[in-house]
Amino acid sequence: MDATSPASPPVAAPGRLRRYATVYAALWRNSIVREMGFKTNFLLWIVVELLWFALQLCFVAVIYQHTERIATWSKWEVVLLMGASQFIQQVFTALFFTNCSNLSELVRTGRLDFLLLLPVNTRFVISLRHVDLGAFVNAASAVAVMVYAAGRLGLRPGVVELAAFGALCAAGVLIHYSLMFLLATVSFWTVRAQSIIWGYHNLFNVARLPDAAFRPGMFKATFTFVLPMLLVANVPVKLLADKLDAGWEVLLLLGMTAVCFAVSEWGWRRSVRHYTSASS
């Protein structure tokens with residue numbers, strides 16, 4: 001089976017975009033209805049995530065009672081970094097996490113057969129079919145923390161800096177999505193891959209750490225060039241705080257984003273070719 005939709009008459013680019021926008025709007029409406037059907041669960045997960053974020057900020061406060069800097073990073077620079085990491089993680093969670101983690105269930109139950117037959121790109125539907133609205137609330141709390149930390153640092157970024165920061169955060173979200181989607185395709189061979197998915201989820205915590213705190217070595221190289229967790233939030237924050245040593249760090253983040261997405265697409269297409277459907 002092909003990873004995309006069955007053959008269909010060619011559609012002009014504007015019409016194709018409108019069709020996909022309509023499909024995505026329908027997916028959003030469905031997600032809103034589903035979330036509002038379980039209001040207590042919706043509110044509970046928001047509270048849990050906010051408490052976890054607050055606990056991490058308290059941990060930073062405790063550390064900086066005993067030191068003024070971690071490598072070259074001051075207290076409020078680290079708070080800004082944690083806010084950016086939380087923002088990127090929560091946007092990823094809102095748009096992609098549930099969908100990536102559910103891929104193994106689609107394979108196991110055979111519901112993937114139905115999605116493969118839809119007249120839209122299959123990866124598009126699998127990746128965006130559910131939206132976690134509560135994560136947007138948590139992302140807003142991360143923005144509030146970033147604004148406060150920037151104020152304490154005396155940062156006054158202009159429109160260009162904020163646009164560049166947003167673009168680099170979007171690249172970080174895409175890295176998280178690409179890597180987790182690639183890991184989720186393991187389910188085509190193992191059927192279940194939840195342990196791998198949650199293992200990667202735990203690596204999010206690496207993105208909250210200043211890259212300068214690590215000496216050059218295997219750990220830093222791995223989390224820069226293999227699983228680029230140390231790029232995801234560090235580069236956007238260093239741009240905002242004027243801590244970039246050189247422009248190559250921005251190019252590296254964008255380059256790793258392109259590489260991760262390309263590898264995930266290759267893994268997805270290879271996995272679908274291996275898929276024999278539930279009825280085979």
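We did not get these values from a lab; they are worked out from the coordinates using the rules stated. A quick note: this is a predicted structure, and the numbers were derived from the prediction, not measured. We place every Cβ from the backbone using ideal geometry, glycine too, and count neighbours over all the protein chains shown.
Given (i) 55, 46, 32; (ii) 62, 43, 39; (iii) 83, 40, 30 as candidate values of Cα extents along the principal axes in Å, which corresponds to the one derived from the coordinates?
Recomputing Cα extents along the principal axes in Å here picks out (ii).
Mind listing the phi-derived Karplus ³J(HN,Hα) values for the stretch 57-65, rounded to whole Hz, using 6.51, -1.76 and 1.60 with θ = phi - 60°, and x for any glycine or proline?
5, 5, 4, 5, 4, 5, 4, 7, 6
Using the 10 angstrom Cβ neighbour count as an exposure proxy, how do Ser195, Ser101, Ser85 rank, fewest first?
Ascending number of Cβ neighbours within 10 Å: Ser195, Ser101, Ser85.
Would you mind working out the magnitude of the charge dipole of the chain relative to its Cα centre, with +1 at each Lys and Arg C-beta and -1 at each Asp and Glu C-beta, to the nearest 20 Debye?
Values: 23 positive and 14 negative charges, 98 e Å.
In debye, rounded to 20, the chain gives about 480.
Fewest to most neighbouring Cβ within 10 Å: what's the order for Val60, Val235?
Val60, Val235
According to a simple spin-label model (label point 7 Å from Cα along Cα-to-Cβ), what is the distance in nm between Tyr20 and Trp198?
Each label point lies 7 Å from its Cα, and together they span 3.3 nm.
Taking +1 at the Cβ of each Lys and Arg and -1 at the Cβ of each Asp and Glu, which of Phe92, Val125, Val226 sits farthest along the dipole of the chain towards its positive end, judged by Cα position relative to the Cα centre?
Positive-end residue among those listed: Val125.
Against the longest alpha carbon principal axis of the chain, how many degrees, from 0 to 90 and to the nearest 10, is the axis of helix 159-184 turned?
The answer is roughly 50 degrees.
Give me the Kirkwood hydrodynamic radius of the stretch 214-280 in Å, from all C-alpha pairs, to one decimal place?
14.1
Which FRET efficiency value, to the nearest 0.05, do you get for Arg215 and Phe42 by plugging their Cβ-Cβ distance into 1/(1 + (r/R0)^6) with R0 = 35 Å?
That pair, Arg215 with Phe42, gives E of 0.20.
How much length is gained if the chain between Phe225 and Leu50 is pulled fully straight, taking 0.36 nm per residue apart and subtracting their Cα-Cα distance, in nm to one decimal?
59.9 nm
At a 10 Å Cβ-Cβ cut-off, how would you order His66, His201, fewest neighbours first?
Lowest to highest Cβ neighbour count: His66, His201.
Which is the longest stretch in the chain that no exposed loop site breaks, taking sites as trypsin sites (Lys or Arg not before Pro) with a DSSP loop state and at most 14 other Cβ atoms within 10 Å?
Numbers: sites that count: Arg111, Arg192.
Segment 1-110 is the longest.
Quick one: 3J(HN,Hα) in Hz for the stretch 23-36, Karplus 6.51/-1.76/1.60 with θ = phi - 60°, rounded, Gly and Pro as x.
4, 5, 4, 5, 5, 5, 4, 5, 5, 5, 4, 5, 5, 6
Helix-only mean residue ellipticity at 222 nm, the chain, DSSP H runs n ≥ 4 weighted -39,500 (n - 2.57), per residue, nearest 500. What is it?
It comes out at -21500 deg cm²/dmol, rounded to the nearest 500.
Per residue of the stretch 92-98, in order, report the coupling 6.51 cos²θ - 1.76 cosθ + 1.60 (Karplus, θ = phi - 60°) as ³J(HN,Hα) in whole Hz, putting x for Gly and Pro.
4, 4, 4, 9, 10, 4, 4
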